[in-house]
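Comments concern the structure below.
The values are calculated or read from the model by the stated rules, or taken from the named source; none is laboratory data. Computed from a predicted structure; not experimentally measured. Note that we place each Cβ from the backbone using ideal geometry, even for glycine, and neighbour counts take in every protein chain shown.
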There are 6 protein chains.
Amino acid sequence: MKTLGQMALFLALEEEEKVPELMAEVEGRGYRALRGKVGSMNMEKVVAAVETAAKRQGLVTGGYREEHALYHAVLEALNGVCRGQLALGDVLRTVGLTFSVVRGPRFPDEKSDGAWLAVVLYGTIGAPIKGFEHEVIGLGLNHL
Amino acid sequence: MKTLGQMALFLALEEEEKVPELMAEVEGRGYRALRGKVGSMNMEKVVAAVETAAKRQGLVTGGYREEHALYHAVLEALNGVCRGQLALGDVLRTVGLTFSVVRGPRFPDEKSDGAWLAVVLYGTIGAPIKGFEHEVIGLGLNHL
Amino acid sequence: MKTLGQMALFLALEEEEKVPELMAEVEGRGYRALRGKVGSMNMEKVVAAVETAAKRQGLVTGGYREEHALYHAVLEALNGVCRGQLALGDVLRTVGLTFSVVRGPRFPDEKSDGAWLAVVLYGTIGAPIKGFEHEVIGLGLNHL
Amino acid sequence: MKTLGQMALFLALEEEEKVPELMAEVEGRGYRALRGKVGSMNMEKVVAAVETAAKRQGLVTGGYREEHALYHAVLEALNGVCRGQLALGDVLRTVGLTFSVVRGPRFPDEKSDGAWLAVVLYGTIGAPIKGFEHEVIGLGLNHL
Amino acid sequence: MKTLGQMALFLALEEEEKVPELMAEVEGRGYRALRGKVGSMNMEKVVAAVETAAKRQGLVTGGYREEHALYHAVLEALNGVCRGQLALGDVLRTVGLTFSVVRGPRFPDEKSDGAWLAVVLYGTIGAPIKGFEHEVIGLGLNHL
Amino acid sequence: MKTLGQMALFLALEEEEKVPELMAEVEGRGYRALRGKVGSMNMEKVVAAVETAAKRQGLVTGGYREEHALYHAVLEALNGVCRGQLALGDVLRTVGLTFSVVRGPRFPDEKSDGAWLAVVLYGTIGAPIKGFEHEVIGLGLNHL
């Protein structure tokens, strides 16, 4: 994991039991990070789940500037999930996602780069029928 | 790596030296896979690079059916890269991407699932100035 | 009617009384076909109506592979109907559509082409006021 | 204010107390105009608010032709507000907008240009939290 | 053919030899119509081909109002052809299209409806390899 | 002019002779601002013109963080100009634009709000024929 994006990607992709080790590595390099889960046919619930987790765990401050940065990172990640049209239930599909948020410079050794946010959404999208789904991923990055 | 998508994601994300080992694991489970690189401001060159690699290495047959499946998987992956509008040079940005293509069932143990294709594009997008760029990823899946 | 797409287009476009004759011709060439109707401000109901009809009448099997192919064909057809943004009630418009689904090769004489699906949505879009509407059409094709 | 678009833009942008003077100037040149307000997380309410105001104040006739022209002008203005995806509540955001509609030729001195409509939406977009918002604007023009 | 849209659709869909008869029927009802062909990887050439044909054959006057109406009808039809992103060569695909333009009321018996334009684009889209293509259709309607 | 967005909007909208006075007012409140012009069928030239002006006049530093903020503000403004699809020459249209960039807090009295960027693009879009064009506007805001 040599970059901000990779940290967020591996945190969302790896299995549950590897998360503590990954998290320790990420935080050891001076990054802040979290991992969570959300499943819904309502896209706004996906946005809300990531925003709430990031605020509660202190990855963004309570002000509007950082909320604005986070919001756009989440929307960009949703583009990878939706691939063409930001819509879930409106086009009769649902998602089951693991998400990660990581805060820090784009590269561990470039502190002068300032703070950036990476948001990853990884999981499945499909019809509201068990097993009728396939994998999707989205990554959004923004400066803080 | 428990799924088709994860195989493609890790193949594109991991460092060069881990690729042979990953490839062996993927092929050991009965999957076909490849990894390549492309950088361009012309989006059609990204499409062409993935299609050419997949045909040359036999991941898709020479016919139209499989080309159609692959093409749409590439476009879906490009949505994750472009996040909102499929355009590179037209909006003054360029990409440097590692791509992977994997062919097989969605899950290693479900042979009855038939063949699917996963395409991952991972790398950087940004202005045509060195270092003015950040990470992006896209994943497209399609049935063959 | 020399192609898969034309069969689906004429089936959706022609008047009710010509449908049995068209259907006979289409089926006589080895194709499977259906025609139905749906009207709604909820786009997911359009998707559901086409999927339900196709499953009930056996144009697609009950598995995910064919459902995936059908789903994307429906979404592509919706792009022709919505022309720019997949949204109905959210932008205060409603549709009244006749739809058709046809299954078979792209051309009647090319059995080696395998099975494809064509979905046509044809009818009107407009404000929720009688007569405040105009015609729209959408065609989606996908390999099975 | 030398053009149709500028009349609509200044009418929406200027403070309340300047509106009567602006309106007098616009109407003095033979244009019809209105200004209103709407706030919502439901995009269809924004569309409905502009359409209702334009019909009530006689800027469009009650028929479908002019309603069609107005509808597309509103959608085009919404593209400026939404910047990429026509969605409000679905992506957890809300708007507070002042809108204007102006009817007349593109330029005051070119009566031969016939009637056009300009729709402006100006205000704020943001999270459903007070102050967590920034300005947006959209302008849609269409021939009548 | 009971509507403006159907006239344009059948004119574009039917075989060459049926065109004179269709054209006679359409013109007999007081409509103006044309049919043409265009093939290209450059989307602007598709737009230009339809606009040039419509102007030359007098379906639109030389002024901007009618050009504006036609232009938007062509763009709407292109949405049906492109299904999600208005791009051809940029995503490595090419089209071979028959197009039609019809001018008149939405219904033959409603002269009070005024003039509308219907534009149909029908043909194939695909890779720049012979036979690697499938059918597409797009319909755009606009008031004049 | 009570807000960052209004400063950018009036700077782009007002006539040439009023610009020095507006600029003085804007700078008197502690904001940095510029106004420029660009006309092209190539969208990347619009992006480049705004970026070059902002860098030359010191509204953004030479680093990537601020360039990233500016780039997204320009793309958001282009959405208002293009209204649905970021494309100019590809869909046979050209723009003639006055642009403005303003740097400062969202409101003059809230210094704690930190620095934001507002980009406005205002002018005409249309066919490459003189007079075949109408007004458009776009506003993009981003935190620095």
The lone exception for C:K37 - which of (1) closer than 20 Å to A:V91 by Cα; (2) within 14 Å of chain E (Cβ to nearest Cβ); (3) not in a helix (DSSP H, G or I) it fails
(2)
For residues that are of a type in the set (D, E, K, R) and in contact with a Lys or Arg (Cβ under 9 Å, 6 or more places away or on another chain), tally how many sit in region D:18-43.
1
What are the residues in region E:71-113 that are at pLDDT 95 or above and on the phi > 0 side of the Ramachandran plot, if any?
E:R83, E:L92, E:G104
Can you tell me which residues in region C:93-118 are among the polar types (S, T, N, Q) and more than 16 Å from the chain's Cα centre (by Cα)?
C:T94, C:S112
Filtering region E:93-108 down to residues that are within 13 Å of chain C (Cβ to nearest Cβ) and not in a strand (DSSP E or B), which residue is nearest to C:G80 (Cα to Cα)?
E:R106
Candidates C:G30, C:G131, C:G62 - the one that is in contact with a Pro (Cβ under 9 Å, 6 or more places away or on another chain) and either surrounded by fewer than 19 Cβ atoms within 10 Å (Cβ to Cβ) or of a type in the set (S, T, Y) (or both):
C:G30
Log entry, pairs with first residue in region F:71-90 being in contact (Cβ under 8 Å) with a residue 24 or more places away in the chain and over 19 Å from F:K37 (Cβ atoms), second being outside any loop (DSSP other than H, G, I, E, B) and acidic (D, E), beta carbons closer than 9 Å, six or more apart or on different chains, reads F:Y71/F:E51; F:R83/D:E76; F:L86/B:D90; F:A87/B:D90
Please go through (1) within 14 Å of chain F (Cβ to nearest Cβ); (2) over 11 Å from the mean Cα position of the chain (by Cα) for D:D90 and return the number of the only condition it doesn't satisfy.
(1)
Restricting to region E:70-87, name every residue that is more than 10 Å from the chain's Cα centre (by Cα), surrounded by 22 or more Cβ atoms within 10 Å (Cβ to Cβ) and small (G, A, S).
E:G80, E:A87
Scan region C:35-58 residue by residue and report those that are more than 11 Å from the chain's Cα centre (by Cα) and buried (at least 22 other Cβ atoms within 10 Å of the Cβ).
C:M43
Of the conditions (1) modelled with pLDDT of 95 or more; (2) of a type outside the set (V, I, T); (3) under 26 Å from A:A69 (Cβ atoms); (4) assigned to a helix (DSSP H, G or I), the single one that F:K45 does not satisfy is (3)
Scan region A:12-26 for residues that are away from chain B (no Cβ under 12 Å) and surrounded by 13 or more Cβ atoms within 10 Å (Cβ to Cβ) and jot them down.
A:V19, A:L22, A:M23, A:E25, A:V26
Quickly run through region B:9-42 and pick out the residues that are within 24 Å of B:Q85 (Cβ to Cβ) and among the small types (G, A, S).
B:A12, B:G39, B:S40
Just checking, does region B:43-62 include any residue being farther than 30 Å from F:V81 by Cα, within 14 Å of chain A (Cβ to nearest Cβ) and in contact with a helix residue (DSSP H, G or I) (Cβ under 8 Å, 6 or more places away or on another chain)?
no
Determine which member of the set A:M23, A:M1, A:M7 is out of contact with any His (no Cβ under 8 Å at 6 or more places or on another chain) and part of a loop (DSSP other than H, G, I, E, B).
A:M1
Under the condition of being within 13 Å of chain E (Cβ to nearest Cβ) and either aromatic (F, W, Y) or outside any strand (DSSP E or B) (or both), which residue from region C:116-143 is farthest from D:A69 (Cα to Cα)?
C:W116
Could you count how many residues in region D:53-70 are in contact (Cβ under 8 Å) with a residue 60 or more places away in the chain and either of a type in the set (D, E, K, R) or within 13 Å of E:W116 (Cβ to Cβ) (or both)?
3
